[in-house]
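Quick notes on the structure that follows.
The values are calculated or read from the model by the stated rules, or taken from the named source; none is laboratory data. Predicted model, so just to flag it, every value in this text is computed and none were measured. Here the Cβ positions follow ideal geometry from the backbone for every residue, glycine too, while neighbour counts run over all protein chains shown. Ligands, DNA and RNA are excluded from the accessible area calculation, which covers all protein heavy atoms including side chains. Shrake-Rupley method; radii C 1.70, N 1.55, O 1.52, S 1.80 Å.
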Amino acid sequence: MTRLFDPIQIGAIAAANRIAMAPLTRNRAAAHQVPTELMATYYQQRASAGLIIAEATQISPEGQGYLDTPGIYSPEQVAGWKKVTDGVHAAGGKIVLQLWHVGRISHVSLLPGGMSPVSSTARVAKAQTFTKDGFVDVSPPRALRTDEMPRLVADYRHAAKCAIQAGFDGVEVHGANGYLIDQFLRDSTNDRTDAYGGSVANRVRLLMEVMQAVTSEVGADRTGLRLSPVTPFSDIGQDSDAQGLFNHVVAQLAPLKLAYLHLIEGNTGGARDYLPFDYEALRQRYKQDHPQGVWIVNNGYDRQMAIDGVTKGQADVVAFGRPFISNPDLVHRLRDNLPLAALDPNTLYGGDAKGYTDYPSLAETAG
Ligand code: PHB
């Protein structure tokens, strides 16, 4: 018998089942990066997920890299998110917010006063982002100075505090997909000579400082972290020893007793076997010191893979991304092995209710 549909305790969060909604960028925030009523409807429709991980949300104006993504640093944004969390909680769901800083994956037109993006490095990514003028190459970044790091960590802390004020059940730090924390972790994008570059211990320093700040602010039992050891997303190069780096990362994290770790296996939104990597070794290393730590897996899972992963004990929770876009009642459909609706690729980023809140549940289709 599968346990995929059974409740699970994720730190302080009592989840009704082991299916999470993965964070999904939809670019529908209003002016000043404020969440809207439409976003509240969208998340409420998906509240039967055991845990919703709300979309990547910038911790500061400097952390933004795409048009119309939401923020979590101003009172106006907190008030907007409160409508989202109230809606999800009224429907019996749980929701955490993903805390995001894009680092070098940004464009001057998206940043305050036309400033340059900031990163571990001054080397530019061969990547594009979406601005009010459409797709453009990302702007050359400026390497953060050592004396700016405390301010950066304080921005994460402030955002975590704002998220709890907005009624979230917790936060997920975004350490994946070639964004700022990943830019510091990997030796392909970290060419620093200060205490935040060079050795593995130095490259992991920013991550650990952020995790310590966030957990001391909101509690480790309300804090998760997302990692993607081998993704090439956002033109991030491979670390010269990805297995060694991430083995070290999880060993360092285990004593913090986080609510969960969330692993993107393979290439984000692409091949799961993109490069060889032993995720099971990582999981076992982590559980050795933190057996209660929930292990969430993600990337291209279908129903049978999710059932098998949880049954074999290789995952505690499975996060689904794209299937949740077109199937608000995904948990019901997976539980009863019912057909899934296809997704419209043209309405993913930006726009209105079309392709966002107008995907019906099966009950609505039947009605
Ligand atoms: C995106 O906006 O395309 C995006 C954001 C966060 C991710 C991945 C993709 O982790």
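Accessible area of PHE233, 1.4 Å probe, to the nearest 10 Å²?
For PHE233, solvent-accessible area is about 80 Å².
Please name which of GLY167, PRO291, LEU227 has its Cα lying farthest along the dipole of region 2-366 towards the positive end, using unit charges on Cβ (Lys, Arg +1; Asp, Glu -1) and the Cα centre as origin.
Working it through, the farthest residue towards the positive pole turns out to be PRO291.
Please compute the volume of the convex hull spanned by the alpha-carbon atoms of the chain and report it per residue in Å³.
123 Å³
So what does SER240 come to for accessible area, using a 1.4 Å probe and Å² rounded to 10?
Surface accessible to solvent at SER240 totals approximately 100 Å².
Of the accessible area of region 2-366, with the probe set at 1.4 angstrom, what percent is carbon plus sulfur?
53 percent
5 Å is the cut-off here: which amide hydrogens, built 1.01 Å from N in the peptide plane, fall below it relative to VAL173, excluding neighbours closer than 5 in sequence?
The answer is LEU99, GLY224, LEU225, ARG226.
Pull up the DSSP beta bridges for region 2-366 and report the antiparallel fraction as a percent, rounded to 5.
Taking every DSSP beta bridge with both residues in region 2-366, the antiparallel ones total about 20 percent.
Over the chain, with a Gaussian network built from C-alpha contacts below 10 Å, which listed residue (ALA40, ALA160, ALA319) shows the highest mean-square fluctuation?
ALA40
In terms of modelled amide H atoms, which long-range or inter-chain residues lie less than 5 Å from the amide H of VAL118?
Excluding prolines and chain starts, which carry no amide H, the hits are ARG142.
Could you provide, to the nearest whole Å², the per residue accessible area of the chain with probe 1.4 Å?
Result: 37 Å² per residue.
Can you compute the charge dipole magnitude of the chain about its Cα centre, using +1 on each Lys and Arg Cβ and -1 on each Asp and Glu Cβ, nothing else charged? Give it in debye, rounded to the nearest 20.
Dipole size: approximately 280 debye.
If you average the alpha carbon positions of region 144-222 and of region 52-119, how far apart do those two centres end up, in angstrom?
Region 144-222 and region 52-119 have Cα centres spaced 15 Å from each other.
Once amide H atoms are placed 1.01 Å from N in the peptide plane, what residues at a sequence separation of 5 or more from ALA56, or on another chain, have their amide H within under 5 Å of its amide H?
So ALA56 has HN proximity to LEU24, THR25.
Find how many whole Å separate the alpha carbon centroid of region 250-283 from the alpha carbon centroid of region 342-367.
About 31 Å separates the Cα centre of region 342-367 from the one of region 250-283.
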